[in-house]
Structure formats: C-alpha cells, structure tokens
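Have a look at the structure below before the remarks.
The values are calculated or read from the model by the stated rules, or taken from the named source; none is laboratory data. None of these values were measured; they are calculated from a predicted model. Note that we place each Cβ from the backbone using ideal geometry, even for glycine, and neighbour counts take in every protein chain shown. These area figures cover heavy atoms from the full protein model, side chains too; ligands, DNA and RNA do not enter into them. Shrake-Rupley method; radii C 1.70, N 1.55, O 1.52, S 1.80 Å.
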Amino acid sequence: MKAGPIASQGCGSRPPRKRVSELWRWPSGKQLELITPFQLYFNPELIFKHFQIWRLITNFLFFGPVGFNFLFNMIFLYRYCRMLEEGSFRGRTADFVFMFLFGGFLMTLFGLFVSLVFLGQAFTIMLVYVWSRRNPYVRMNFFGLLNFQAPFLPWVLMGFSLLLGNSIIVDLLGIAVGHIYFFLEDVFPNQPGGIRILKTPSILKAIFDTPDEDPNYNPLPEEQPGGFAWGEGQRLGG
C-alpha cells in the first residue's frame, strides 16, 4: 500500500529541546533492509493469537519504499507534528502524547473493520486535520496552484491522493479520527452543558510535564542570585 502526499506550511524557530515530533526522523529498519513489511503490517490474527504485539506500533512506522511518497510523508509528518507541538501543545507534552495514544487506539480499532495493513499515513492526516482546525485563518498554497484556508487542507490532500490513484480510505480514516479528537477536545467542552471527556492520565503528566513551581518555595542561599550573603565589610580602624 502506498502512502499519499501531505502538503506544506512554514513553522517557527526550533527551541533547543528534544521533541516528540523527532521520533519519526530515525531511519526505519525497512529502509536499511534489516526487516520486511511482512514483519510490520497490522494483522489482528498474528497480534491476538500469536502475540506479535509489536505490530500495534510498527504498522504506524512504515510509509512504503524510499521514493516520492515516502519523502513527502516523512517531511510533512515531521512538519505538522512539530507545528502542533510548538503551537497549541506548547508546554503540554503529556496532552500531546495522549493525542497520539488516543488517535492510534481509534485507528487500530477502525483498522479491524476496513482491512488496512499500514496506518502511518492515516496518522499523518490526523495531525494535519487537528492543526488545520486549530489554525482556521492560515492561508495555504498547494504547489502554487491552489490557495485556500487551512481547514480545507486535509480534503485537498485526499483529492490529490485520488488523482495519484491511491486509495482514499486511509485519508478518510485519518480525517475521521482527527475530527473525533478535535470535537471531543475543542468543541464539545465549550458547548452549553458540555464536559471534557478526554483527560490526560496523571501518569503521563508525571512523566512528560515539568512540575509547576511552588509559589511558597524559599530557595536556598546558594540558589539565590548572587549566591551566599556573606555580610557587609568594615573598614579597618572604623
């Protein structure tokens, strides 16, 4: 199954810290010819009957052989992942990881019914969808041919995949999962009588988020600006 292309949009400067988005930059073993797609693809029977649990993760990491589609997906998966992390998820790494887990869970669940073997492109489309809905006024340009607002981006990509002869089931799955997350996280809680259904587990916050500083904390002398207060000097003979 070939992975479809993803469109582009600029992003800000990169802060000097490790990002979740950089997890996708390592070269896969398939590209190094160490493993084959048959060891990676999503197969419920092998997962649940033969306990090949790794397939729940590896099916998201394969984007086809090295070529145009592979490079397109790698570049834009990193780009939109990075823009989300530096934008609406800045300082909320645990929430960012929880979106990954929630989206991956739904895609795996839907994958049981639509016979998809690789879900990496759908995951990328999900990220693009969430970013586009959270940046509705950003103007996009697609290969210099089309100008449109960001919320139309996932649909433009799906149409482009269709023109290339690729199946749009993967794109539709990514859009559907992205919409479910966006609705439950950004829309429903702000409706009259709405509640926040998606809540990031405390264990993820403990692992990924920096603890808030205690406003009543009194720093030690060596932690204060200027170091220890050694006292005032006196003049000789004073």
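Miscellaneous remarks
- Distance in nm between pseudo-label sites at Ala206 and Arg90 (7 Å out along the Cβ direction from Cα): 3.0
- Relative to the current alpha-carbon distance between Leu71 and Arg196, full extension at 0.36 nm per residue lengthens the span by 41.3 nm.
- Estimated FRET transfer efficiency (Phe183, Leu145; beta-carbon r; R0 41 Å; 0.05): 0.85
- Put simply, when 125-131, 203-209, 172-178 are sorted by average Cβ atoms within 10 angstrom per residue, most first, you get 125-131, 172-178, 203-209.
- Net charge of neighbours whose Cβ lies under 10 Å from the Cβ of Ala150, counting Lys and Arg as +1 and Asp and Glu as -1: +3
- Positive minus negative residues near Thr200 (Lys, Arg vs Asp, Glu; Cβ under 11 Å): +1
- Extended-chain gain in nm, criterion 0.36 nm per residue less alpha-carbon gap, Phe100 and Thr36: 20.6 nm
- Approximate spin-label separation Phe51-Ser167, in nm, with each point projected 7 Å along Cα-to-Cβ: 3.0
- Carbon/sulfur fraction of accessible area - region 40-112, other protein chains in place, 1.4 Å, %: 73
- Counting only protein heavy atoms and a 1.4 Å probe, region 55-180 has 42 square angstrom of accessible area per residue.
- A protection proxy built from the mean count of other Cβ atoms within 10 Å ranks the segments 75-83, 183-191, 140-148, most packed first, as 75-83, 183-191, 140-148.
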